[in-house]
1. By per-residue mean of other Cβ atoms within 10 Å, what is the highest-first order of 22-29, 92-99?
2. May I ask you to derive the FRET efficiency for Glu27 and His89 from their Cβ-Cβ distance with R0 = 25 Å, giving the value to the nearest 0.05?
3. Could you rank the peptides 170-176, 59-65, 46-52, 202-208 by their average count of other C-beta atoms within 10 Å per residue, with the highest value first?
4. In whole Å, what are the extents of segment 114-155 along the principal axes defined by its C-alpha atoms, from largest to smallest?
5. State log₁₀ I(q)/I(0) for the chain at q = 0.08 Å⁻¹ as given by the Debye formula over alpha-carbon point scatterers of equal weight, solvent excluded.
6. Assign unit charges at the C-beta atoms only (+1 for Lys and Arg, -1 for Asp and Glu), then state the dipole size of segment 59-213 relative to its Cα centre in Debye, rounded to the nearest 20.
7. Can you show me the helix-derived [θ] at 222 nm for the chain, built from DSSP H runs with n ≥ 4 at -39,500 (n - 2.57) apiece and divided by the number of residues, rounded to the nearest 500.
8. Translational diffusion coefficient of segment 89-136 at 20 °C, 1.002 mPa s, Stokes-Einstein with Kirkwood Rh over Cα pairs, in µm²/s as a whole number.
Amino acid sequence: MKARPAKAPVVPPHPLYVPESDDVVWEGRFPLQKVRFRYRRFDGSLSAPVNWEMWRRGDAVAILPYDPWNHRIAMIEQFRLPMLAAGEHPISREVPAGLVEPGEDPGTCGLRELREEAGLEADILAGMGSYMLAQGATDERVHFFAARVRLPEPGEGSILGLESESEETRVLVLGAEEAFGMMARNEIRNACGAISLLWLQLNAPRLRQEWTA
């Protein structure tokens, strides 16, 4: 019997879930799982059989660097093929992010991604919450953090990224209010960036008080 990829575990049992088949149909970096199942409806009856394809990406982290002394944030810009495929501009303005390694603490992962993608070191993290971003297609769950850092004057900064992953990121420092305006005008075209900025807009007064005391 062929071994099942470690990144595509069987869907866990649940009273609402009645599996009929569960196969891994693609074993790339992120396996694709095809599941045939029934689910229990709100009235207690079973649904008709459903065929569902699910992309297994696992846990991820998004981290927003925030300077509470100067009320600035940092974002990164990088080329994203799916943005282009969707008809968007391919240079995505977003927050540092990455996949959590098996057994790794999400906060530790966030600090690593902050260092690799933005060249920044943080001394305090604040959790923003965990969210599913495409619950109809993938099991990816993103853990969000704000990170206390000291940032330079607004403007474009270093070019970073892991050469081994053909990754190139450009750091962009913005005044927080300017970033909030960009988000309000729908100029931040990715969910992780928008969620991070919305959270900070609500919580910046508290963080400035707590993180600069």
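1. Values: 22-29: 12.4, 92-99: 22.5.
Taking the mean over residues of other Cβ atoms within 10 Å, the ranking is 92-99, 22-29.
2. On the way: r = 32 Å, r/R0 = 1.30.
Rounded to the nearest 0.05, the efficiency is 0.15.
3. On the way: 170-176: 18.7, 59-65: 25.0, 46-52: 10.7, 202-208: 14.1.
Peptide ranking by packing, descending: 59-65, 170-176, 202-208, 46-52.
4. Largest first, segment 114-155 extends 40, 21, 18 Å along its Cα principal axes.
5. Relative scattering, expressed as log10 I(q)/I(0), comes to -0.35.
6. In debye, rounded to 20, segment 59-213 gives about 600.
7. Working: 4 runs with 48 residues, N = 213.
Estimated from H runs of four or more residues: -7000 deg cm²/dmol.
8. Details: Rh = 12.5 Å.
Value of D from the Cα-based Kirkwood radius: 171 µm²/s.
The values are calculated or read from the model by the stated rules, or taken from the named source; none is laboratory data. As the structure is a computational prediction, the values presented were derived from the model and not from experiment. Because the Cβ atoms are built from the backbone with ideal geometry, glycine has one as well, and the counts that use them run over all protein chains shown. Just so you know, the surface numbers come from the protein's heavy atoms only, side chains and all, with ligands and any DNA or RNA stripped out. Shrake-Rupley method; radii C 1.70, N 1.55, O 1.52, S 1.80 Å.
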